[in-house]
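The block underneath contains the structure these notes are about, expressed in structure tokens.
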Amino acid sequence: MMNESKNMTVYSVWKSVIRIFHGINFICVLGLIGIGLIILYNKNLGVNADGKILLKTLHAYLGYLFVINLLVRFIYFFSKDHYSNGKAIFAFGKQDIHSLKLFIQGLKTGKTPRYLGHNPIAKIMIAVLFLLLSAQAITGLVLAGTDLYLPPFGHEIAEWVTDSGEDHSKLVGLKAGSKEGVDIEAYNEMRSFRKPFITIHKYAFYSLLIALFLHILGVILAETKEKSGLVSAMITGNKVFSKEPVDYDKSE
């Protein structure tokens, strides 16, 4: 949809599902980062054992919202939305590489092509962000089970550390952070199993912080240069251009 005003044209780009996802994801990631940093540096901050368990529990439940929101976004990858489906994000064909080269050349000359959706460099950044968010989601779900015995893997982890088999009475009273009622050998095996997941979760977290900084920096630079309403588009769904964007899909 377009509306013309003072030689500028308003183009609809982000559907409501994308804007809602972006808002929820922003809140979840910000909250998870904040709680995650406190958990990571709990000793320096003087957080006791019970406080750490509480923080991990809050982190896990906020993580569930994050994962559900991310799953909805993945489902939307299969939509016909020209600017937001999987083909729009994970675009690495010959034409996409050619567009990337043209865009980089445009950066050097100061005349970059205008994109209604993500420009070629932004597509790479968004793909990296989805990869890191997915790594956090998957490892986080495993850690929720190994640390707190929460779903979706918590029951199986609890059976493992108590060596309960079919005797689920051993699971009664099992508490996160406590070794009471656990089989020490099985518990140590579980902790060894957990190590690679916590390592990936930790370093993907640091990588995500760097990627988010670059993402925000890129948005600020693009908005300053293009003045297309890049930031407000995640609220209104619209961008404005004086010339038709190179990726404008007239069928939408």
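Odds and ends about this structure:
- Subset of the range 35-55 (residues that are outside any helix (DSSP H, G or I) and aliphatic (A, V, I, L, M)): 45, 47
- In the range 132-164, the residues that are charged (D, E, K, R) and farther than 16 Å from residue 53 by Cα: 156, 159, 163
- Flag if residue 101 is loosely packed, with under 15 Cβ neighbours inside 10 Å and in a helix (DSSP H, G or I): yes
- Inter-residue pairs, beta-carbon under 8 Å, first free of Cβ contacts under 8 Å to residues at least 60 places away in the same chain and in the range 177-205, second surrounded by fewer than 12 Cβ atoms within 10 Å (Cβ to Cβ), 6+ apart: 180/173; 181/173; 187/179
- Test result for residue 27, within 26 Å of residue 209 (Cβ to Cβ) and in contact with an Asp or Glu (Cβ under 8 Å, 6 or more places away or on another chain): no
- Looking across 76, 41, 83, 61, one residue alone is touching a residue at least 60 places away in the same chain (Cβ under 8 Å) and aromatic (Phe, Trp, Tyr). It is 83.
- The range 64-87 - residue that is at pLDDT below 95 and basic (Lys, Arg) and, of those, nearest to residue 133 (Cα to Cα): 87
- So residue 59, is it under 15 Å from the mean Cα position of the chain (by Cα) and of a type outside the set (Val, Ile, Thr): yes
- Of the listed requirements (1) crowded, with 18+ Cβ neighbours inside 10 Å; (2) closer than 24 Å to residue 208 by Cβ, residue 152 misses just one: (1).
- Counting only residues that are farther than 18 Å from residue 144 by Cα and β-branched (Val, Ile, Thr), the range 166-184 holds 2 of them.
- Unmet criterion (only one of (1) assigned to a helix (DSSP H, G or I); (2) surrounded by fewer than 17 Cβ atoms within 10 Å (Cβ to Cβ)) for residue 157: (2)
- Residue satisfying all of: in the range 148-177; of a type in the set (D, E, K, R) and more than 18 Å from residue 193 (Cα to Cα); modelled with the highest pLDDT among these: 175
The values are calculated or read from the model by the stated rules, or taken from the named source; none is laboratory data. In this text, all values refer to a predicted model and were calculated from it rather than measured experimentally. As a convention, Cβ positions derive from the backbone with ideal geometry for all residues, glycine included, and neighbour counts pool all protein chains shown.
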